[in-house]
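First the structure, in the form of structure tokens, and then the observations on it.
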Amino acid sequence: MKRCACLCLLLGLALSLMMAARGIVLAQAQPQLTSAYRADALPADDPLSAAWAEAPTLNVPLIPQAGVAPALLQATIPSVNVQSLNDGRTIAFRVTWDDATPNWHATHTDEFRDALAIQFPTAPDAATICMGAAGQLVNLWHWKADWQYDIDNGFHDLPDAYPNFYLDHYPFVSGEPPYRVPGDFDEEAKAYMAGWAAGNRFSNPSRPSPVEDLNAMGFGSTHSQERQDVAGKGIWRDGRWSVVFARPLATEDANDVQFAAGQTTSVAFAVWDGAEQQVGAIKQLSSWVPLRIQAAAAQAQPTAVVAQPSPAPADNTTLFIILALVALALVIAAFAWIYFRLPES
Ligand code: HEM
């Protein structure tokens, strides 16, 4: 009996030591996104700029949002490639992913547009990935293909989606039907476009940015910020979306994530595929990814070292595994010694 109990204990210990060794490796191996410092102007409005080649690329896997209804059961977009650059004042991100069809509009009732969001915790300690929680405010930057289309081509309105759409009169409108928004609507006429007049960003035909700056404390609480200070641009080419976001590192908005050179924070991604009728909760998302913001000083270092490239920092993973195995062997030996000294019962 004593021997049997001892054996179980030994096996349990061995298992936990092995799991600990594996945990060290996993923790060490979690990839991080580095926002590389760039002294020259950032390609903040050019998703296809060659300057993005300077930024390290991280492939971030996505999973379907299957936890809350309406859910997505199978991801249609398996991963995104992400990069970041900063010049010590502004930070820019580029996200690219494969998507066979660009879905620009959500004007028809059965039409859904492509979209992408980046999520940041606004406080140092990590927030719940599901858009924060009570007391955990997250800042979300939501790029929308239909807003991008409106900026690139003019406001895509009902007459564009429904060519036979006809409206013979609007109070105080100028021009001839079909009336064009915003061109034919001065301030007086605008008052009869309730959503636009009330400041609803979805109804605003003159979009300052294709990105909406949002906050949430858990899903279901998403709301648009008063201050919108995220710029962006998205281009679809050859079956691939490339979207950039840019914002000053620090802003005056207490509801914004604040970045600083040399800081490490977290970032997460979510993508909607309009061709698959994805919107709101129906999306694919990533887990939190560590984000390190390289400072000018750190960037300057490599130049000096480049002459005599410094050896890569020692990878301790192997050392940890060896130490763990040695410890395991010692423990097993100790237990074996005890085991065989125990009387056979
Ligand atoms: C498992 C985790 C998540 C769950 C259960 C979830 C659930 C939801 C739900 C129910 C909505 C619709 C209600 C609302 O607007 O708040 C929503 C909207 C939204 N979510 Fe999430 N979410 C999750 C993670 C994320 C992540 C990681 C991001 C960003 C990286 C994100 C970005 C958004 C955005 C931008 C909207 C508004 C979409 C729109 O208006 O079209 N969510 N989410």
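Give me the helices (runs of 4 or more DSSP H) completely within region 112-221, filtered to those with at least 2 residues that are within 16 Å of the ligand (Cβ to nearest atom) and modelled with pLDDT of 95 or more, ordered by residue number. Give the derivation first.
On the way: elements: 145-153, 158-161, 187-190, 194-197.
Fully inside region 112-221 and qualifying: 145-153.
Taking region 104-132 only, how many residues are polar (S, T, N, Q) and more than 20 Å from the chain's Cα centre (by Cα)? Break it down stepwise before answering.
Residues of region 104-132 that are polar (S, T, N, Q), as a first pass: 107, 109, 119, 122, 128.
Next, from what is left, pick out any that are more than 20 Å from the chain's Cα centre (by Cα): 107, 109.
Counting residues in region 104-132 that are polar (S, T, N, Q) and more than 20 Å from the chain's Cα centre (by Cα) gives 2.
Every residue in region 216-234 that is open to solvent by 40 Å² or more (accessible area, probe 1.4 Å) and in contact with a Pro (Cβ under 7 Å, 6 or more places away or on another chain), please.
Q228, K233, listed by residue number.
Restricted to region 222-238, and to residues that are of a type outside the set (A, V, I, L, M) and in a strand (DSSP E or B), which residue is farthest from the ligand (Cβ to nearest atom)? Spell out how you get there, then give the answer.
Looking only at region 222-238, we keep the residues that are of a type outside the set (A, V, I, L, M), and these are 222-229, 232-234, 236-238.
Right, trim to in a strand (DSSP E or B) and you get 223-224, 232-234, 236-237.
Values: H223: 9, S224: 9, G232: 13, K233: 18, G234: 15, W236: 18, R237: 24 Å.
Only one residue tops the list, namely R237.
Tell me, which strands (runs of 3 or more DSSP E) wholly within region 239-325 include 3 or more residues that are at pLDDT 80 or above and out of contact with any Ser or Thr (no Cβ under 6 Å at 6 or more places or on another chain)?
On the way: elements: 240-248, 264-272, 289-293.
Hits in region 239-325: 240-248, 264-272.
Count, please, the residues in region 135-152 that happen to be open to solvent by 20 Å² or more (accessible area, probe 1.4 Å) and more than 20 Å from L285 (Cβ to Cβ).
Within region 135-152, the subset open to solvent by 20 Å² or more (accessible area, probe 1.4 Å) is 135-137, 142, 146, 149, 151-152.
If we keep only those that are more than 20 Å from L285 (Cβ to Cβ) as well, we get 135, 146, 149, 151-152.
Total meeting the criteria: 5.
Output yes when any residue across region 112-124 is over 17 Å from S242 (Cβ atoms), among the small types (G, A, S) and either touching a strand residue (DSSP E or B) at 6+ places or on another chain (Cβ under 8 Å) or open to solvent by 30 Å² or more (accessible area, probe 1.4 Å) (or both), and no when none is.
Let us first name the residues in region 112-124 that are over 17 Å from S242 (Cβ atoms), namely 112, 119-124.
From what is left, the residues that are among the small types (G, A, S) are 123.
Now drop any that are not either touching a strand residue (DSSP E or B) at 6+ places or on another chain (Cβ under 8 Å) or open to solvent by 30 Å² or more (accessible area, probe 1.4 Å) (or both), which leaves 123.
Looking through region 112-124, at least one residue is over 17 Å from S242 (Cβ atoms), among the small types (G, A, S) and either touching a strand residue (DSSP E or B) at 6+ places or on another chain (Cβ under 8 Å) or open to solvent by 30 Å² or more (accessible area, probe 1.4 Å) (or both).
Please verify whether P64 is of a type outside the set (S, T, N, Q), farther than 18 Å from Q32 by Cβ and away from the ligand (no atom under 13 Å from the Cβ), treating the condition exactly as stated. Talk me through it step by step, then tell me what you get.
Working: of a type outside the set (S, T, N, Q): yes; farther than 18 Å from Q32 by Cβ: yes; away from the ligand (no atom under 13 Å from the Cβ): no.
Judged against the criteria, P64 is not a match.
Can you confirm whether A191 is assigned by TED's automatic domain parsing to the domain that holds G280 and either under 20 Å from the mean Cα position of the chain (by Cα) or open to solvent by 60 Å² or more (accessible area, probe 1.4 Å) (or both)? Show your work before the answer.
Details: assigned by TED's automatic domain parsing to the domain that holds G280: no; either under 20 Å from the mean Cα position of the chain (by Cα) or open to solvent by 60 Å² or more (accessible area, probe 1.4 Å) (or both): yes.
Taking the combined requirement at face value, the residue does not satisfy it.
Can you give me the number of residues within region 244-271 that are open to solvent by less than 20 Å² (accessible area, probe 1.4 Å), within 13 Å of the ligand (Cβ to nearest atom) and under 12 Å from the mean Cα position of the chain (by Cα)?
Qualifying residue count, region 244-271: 6.
The values are calculated or read from the model by the stated rules, or taken from the named source; none is laboratory data. On a predicted model such as this, the values are computed, not experimentally measured, just so you know. Cβ coordinates were reconstructed from backbone atoms using ideal geometry, including for glycine residues, and neighbour counts include every protein chain displayed. Accessible surface areas use protein heavy atoms only, side chains included; no ligands, DNA or RNA. Shrake-Rupley method; radii C 1.70, N 1.55, O 1.52, S 1.80 Å.
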